[in-house]
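Please read through the structure below; I'll follow up with questions.
The values are calculated or read from the model by the stated rules, or taken from the named source; none is laboratory data. Not measured: the values here are computed from a predicted model. A quick note on method: Cβ atoms are made from the backbone with ideal geometry, for glycine too, and the neighbour counts reach across all protein chains shown.
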């Protein structure tokens with residue numbers, strides 16, 4: 001399957017998952033999320049992965065003045081909690097149905113901006129946009145083609161201000177079974193491959209945590 005066909009398949013598959021049960025496919029911890037529980041789980045992610053890391057993330061900037069990019073925002077689970085903390089949050093997702101549900105849930109938040117993208121780059125964002133922090137949680141673990149993940153890394157580098165942080169996860173389980181056309185099980189990265197990807201696209205992989213696990217966190221600082 002060529003790349004264009006694969007991207008179309010990604011969109012179809014995630015639209016179908018969103019129509020079936022968007023919140024389950026965003027967070028498979030349970031199938032019957034209430035509004036309160038779903039968004040509380042997003043707040044927990046921000047508490048654990050953002051609030052504990054504000055020195056690296058803010059670098060002296062007041063959070064309320066920061067513009068943040070979220071890749072793979074899904075139905076808005078983490079987006080809402082980010083919007084409680086930062087000045088602006090711009091979220092992208094390959095699924096139009098996920099974006100529709102996120103807009104419905106977050107429509108009252110004036111500092112949230114949501115976009116359906118093409119599944120591999122950030123050209124959908126406004127021309128000249130620049131961000132102070134980029135974040136992605138439980139997203140790249142579902143991308144089975146390394147070239148797509150590297151495309152996102154290049155695009156985030158283009159849109160971040162110098163020195164800013166892109167904090168995200170990749171699949172780290174070395175023996176995970178993934179085919180190039182899968183849209184659920186993502187391609188794994190070793191620690192060495194994660195560092196090489198950063199260096200290839202103008203980042204410093206200053207910290208890593210969870211190598212060998214499903215939740216391999218990477219801290220990429222734009223050089």
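For region 172-192, indicate whether the set of residues that are assigned to a helix (DSSP H, G or I), modelled with pLDDT of 95 or more and within 14 Å of residue 218 (Cβ to Cβ) is non-empty.
yes
Determine whether residue 64 is in a helix (DSSP H, G or I), without any contact (Cβ under 8 Å) to a residue 24 or more places away in the chain and over 24 Å from residue 204 (Cα atoms).
yes
Considering every residue within region 98-114, establish whether at least one is buried (at least 22 other Cβ atoms within 10 Å of the Cβ) and closer than 19 Å to residue 141 by Cα.
Scanning region 98-114, I find at least one residue that is buried (at least 22 other Cβ atoms within 10 Å of the Cβ) and closer than 19 Å to residue 141 by Cα, so the answer is yes.
Within region 82-104, how many residues turn out to be assigned to a helix (DSSP H, G or I), farther than 22 Å from residue 12 by Cα and more than 16 Å from the chain's Cα centre (by Cα)?
The qualifying residues number 2.
Test residue 163 against the stated conditions and say whether it is on the phi > 0 side of the Ramachandran plot and either free of Cβ contacts under 8 Å to residues at least 40 places away in the same chain or surrounded by fewer than 16 Cβ atoms within 10 Å (Cβ to Cβ) (or both).
Yes; evaluated as a whole, the condition is true for this residue.
For region 88-114, enumerate the residues that are over 17 Å from residue 148 (Cβ atoms), without any contact (Cβ under 8 Å) to a residue 60 or more places away in the chain and touching a strand residue (DSSP E or B) at 6+ places or on another chain (Cβ under 6 Å).
Residues satisfying the conditions are 88, 89, 90, 91, 99, 102, 103, 106, 111, 112, 113, 114.
Please enumerate the residues belonging to region 28-61 that are in a loop (DSSP other than H, G, I, E, B), on the phi < 0 side of the Ramachandran plot and surrounded by 12 or more Cβ atoms within 10 Å (Cβ to Cβ).
Residues satisfying the conditions are 30, 33, 50, 61.
Considering region 202-221 alone, what residues qualify as being surrounded by fewer than 20 Cβ atoms within 10 Å (Cβ to Cβ) and in contact with a helix residue (DSSP H, G or I) (Cβ under 7 Å, 6 or more places away or on another chain)?
202, 204, 205, 208, 211, 214, 219
I'd like the full set of residues that are surrounded by fewer than 13 Cβ atoms within 10 Å (Cβ to Cβ), outside any helix (DSSP H, G or I) and modelled with pLDDT of 95 or more, limited to region 1-27.
2
For residue 158, which of the numbered conditions (1) under 20 Å from residue 192 (Cα atoms); (2) assigned to a helix (DSSP H, G or I); (3) without any contact (Cβ under 8 Å) to a residue 60 or more places away in the chain fails to hold?
Of (1) under 20 Å from residue 192 (Cα atoms); (2) assigned to a helix (DSSP H, G or I); (3) without any contact (Cβ under 8 Å) to a residue 60 or more places away in the chain, only one is false for residue 158: (1).
Separate question: Go through region 123-143 and count every residue that is more than 12 Å from the chain's Cα centre (by Cα), crowded, with 17+ Cβ neighbours inside 10 Å and not in a strand (DSSP E or B).
Matching residues across region 123-143 total 1.
Within region 145-156, can one find any residue that is more than 14 Å from the chain's Cα centre (by Cα), closer than 24 Å to residue 45 by Cβ and crowded, with 19+ Cβ neighbours inside 10 Å?
No.
Okay, next question. Could you list all residues from region 72-81 that are part of a loop (DSSP other than H, G, I, E, B) and touching a residue at least 40 places away in the same chain (Cβ under 8 Å)?
Scanning region 72-81 gives 72, 73, 74, 75.
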